[in-house]
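The values are calculated or read from the model by the stated rules, or taken from the named source; none is laboratory data. In this text, all values refer to a predicted model and were calculated from it rather than measured experimentally. Because the Cβ atoms are built from the backbone with ideal geometry, glycine has one as well, and the counts that use them run over all protein chains shown.
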Amino acid sequence: MKDFIVIHATHPFIRKNCHAIEHPISFIKGKIEMDKCFVISDEYIELNKLLKASGLCDTGGQTKIIIEDEFVTVNGETETRKRRKIRDGMIVKYGTQSITVVKKQ
């Protein structure tokens with residue numbers, strides 16, 4: 001049996017333009033690494049909105065802090081821009097959790 005995690009988009013903008021899908025949990029080096037897919041219908045989503053909508057952060061203030069303190073990577077590189085445009089295929093990591101952004105076809 002596989003474990004699944006579902007991302008729920010709660011912000012009205014996100015709820016209108018995005019939806020979440022299930023993706024299995026991976027086990028890497030004894031730690032649980034949450035692999036999530038986040039589906040967008042627009043061309044991009046801003047990094048701070050993605051972190052909040054995916055549930056990795058509870059508030060906008062928390063997203064601002066973790067991005068400024070260089071805890072977030074985009075495609076393996078540390079990111080400090082809150083409004084970085086995250087597009088189809090990009091991978092965002094925070095701690096042991098990662099999100100792959102997929103554009104809705």
- Task: Could you list, in sequence order, all residues of segment 32-47 that are crowded, with 21+ Cβ neighbours inside 10 Å and at pLDDT 95 or above?
- Result: Ile45, Leu47
- Identity of the residue in segment 51-105, of a type in the set (Asp, Glu) and over 14 Å from Cys37 (Cα atoms), that ends up surrounded by the fewest Cβ atoms within 10 Å (Cβ to Cβ): Glu77
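To keep it simple, each residue is scored yes or no on (1) at pLDDT 95 or above; (2) within 13 Å of the chain's Cα centre (by Cα); (3) over 13 Å from Val102 (Cα atoms).
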position: Met1; (1), (2), (3): no, no, yes
position: Phe13; (1), (2), (3): no, no, yes
position: Pro24; (1), (2), (3): no, no, yes
position: Ala53; (1), (2), (3): no, yes, yes
position: Thr78; (1), (2), (3): yes, no, yes
